[in-house]
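Undergrad: Okay, here's the structure, questions in a sec.
What follows is calculated from the coordinates using simple rules that are stated; it is not laboratory data. Source: prediction; values computed, not measured. As a convention, Cβ positions derive from the backbone with ideal geometry for all residues, glycine included, and neighbour counts pool all protein chains shown.
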Amino acid sequence: MNRPAGPPARPAADTALAGLDLLASAVLLVGADGQIRYANAAAEHLLEISARALARMQIAALFLNGDELANLCAQALAHEYADLRQDLALERSGRDALHVHSIVSVTGDGGVIVELRENVQQLKLDREERMLDQSQVNKELIRNLAHEIKNPLGGIRGAAQLLELELPEKHLNGLREYTQVIIKEADRLQTLVDRLLAPHRRPHIVGDVNIHEVCERVRSLMVAEFPTGLSIRRDYDASIPEFRGDKEQLIQTVLNIARNAAQALRERIAAGDAELVLRTRVARQVTLAKVRYGLALDLHIIDNGPGISPQIRDRIFYPLVSGRDGGSGLGLTLAQTFVQQHLGVIECESRPGLTDFRILLPLP
């Protein structure tokens, strides 16, 4: 009886090195001529190239600046170092650079073994730097745009009021409806502009802040707003010290995130199984805006909702970007502004069933 063919057998060299497939870091075996002889499974995943394709390539051809990696291999072979270690930003066509920590070691057969570990910390720093730059651009844009809108808006509203006063008595009832539409829409836009300018107008009032008092205030507001269907669980680290900050801004920050979560949870609230978690922890040796802090507040606001749409996930902190109908798209923008005024950052991870907003703030 004929049996279906199984997957193609791996080359003998690959079978002998199969244990390397168990490693989480990418491993390449490179000959003295720069030819890649072997790549483990982690290397396939990291480089997004199959092991068979890699085995036909030169190490220098892997990246646009692959000569840097090839030179490390050549140096290791020439001087027979125990290993060479270096952080590299390996450039790829059409994609972000790959930030890795490389370890190049000489093997006994005249080749080298190259280990590549993705530099998660560098990626995090680059992401935070982009976020800070974008936030600064957004703030300038909002401030300038709001002022440009504010002046003509007052003129439009004033003109509509004067027009209403000048309407003939016989047309007053019919035409007054239109002038009222102009006045009400001008007022609505005025309110939006005021909200855009709010974080830049209000003074930063600094005092001693207990983060659990902030969380409890938000919790009481959320319980009053959603008395049934929403369970709010507290998971606090009581050892977190007080720190200097603007308590009202931090309450507004956590409240904006919690309300967004509740809006996303409306179906689960109706079903009675919605959950919101307020979790506090201490993080150690944290880098925020390129400054290293020994201690940082690690505050999580977690919900079991449907998650944030992938289409807007990278833009949720941009102004006027909202994931729901009728949303203003300002809540998370204000939250980010307030956190940055406290020298902190907001991060977000989201998938169906779990969305986690993480606020990191330096502690004394």
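Undergrad: Mind checking which strands (runs of 3 or more DSSP E) fall wholly inside the stretch 230-317 and carry at least 2 residues that are touching a residue at least 40 places away in the same chain (Cβ under 8 Å) and closer than 16 Å to PHE357 by Cβ?
TA: Working: elements: 230-235, 243-245, 274-288, 291-303.
In the stretch 230-317, the matching strands (runs of 3 or more DSSP E) lie at 230-235, 274-288, 291-303.
Undergrad: Among the residues of the stretch 217-239, which ones are closer than 25 Å to ARG284 by Cβ and in contact with a Leu (Cβ under 9 Å, 6 or more places away or on another chain)? Reasoning before the result, please.
TA: Initially, the stretch 217-239 is screened for residues closer than 25 Å to ARG284 by Cβ, giving 233-239.
ARG233, ARG234, ASP235, TYR236 - these are the residues of the stretch 217-239 that are closer than 25 Å to ARG284 by Cβ and in contact with a Leu (Cβ under 9 Å, 6 or more places away or on another chain).
Undergrad: Can you tell me how many residues in the stretch 233-270 are closer than 20 Å to ILE308 by Cα and not charged (D, E, K, R)?
TA: Applying the first criterion (closer than 20 Å to ILE308 by Cα) to the stretch 233-270 yields 253-270.
From what is left, the residues that are not charged (D, E, K, R) are 253-258, 260-265, 269-270.
Number satisfying all stated conditions: 14.
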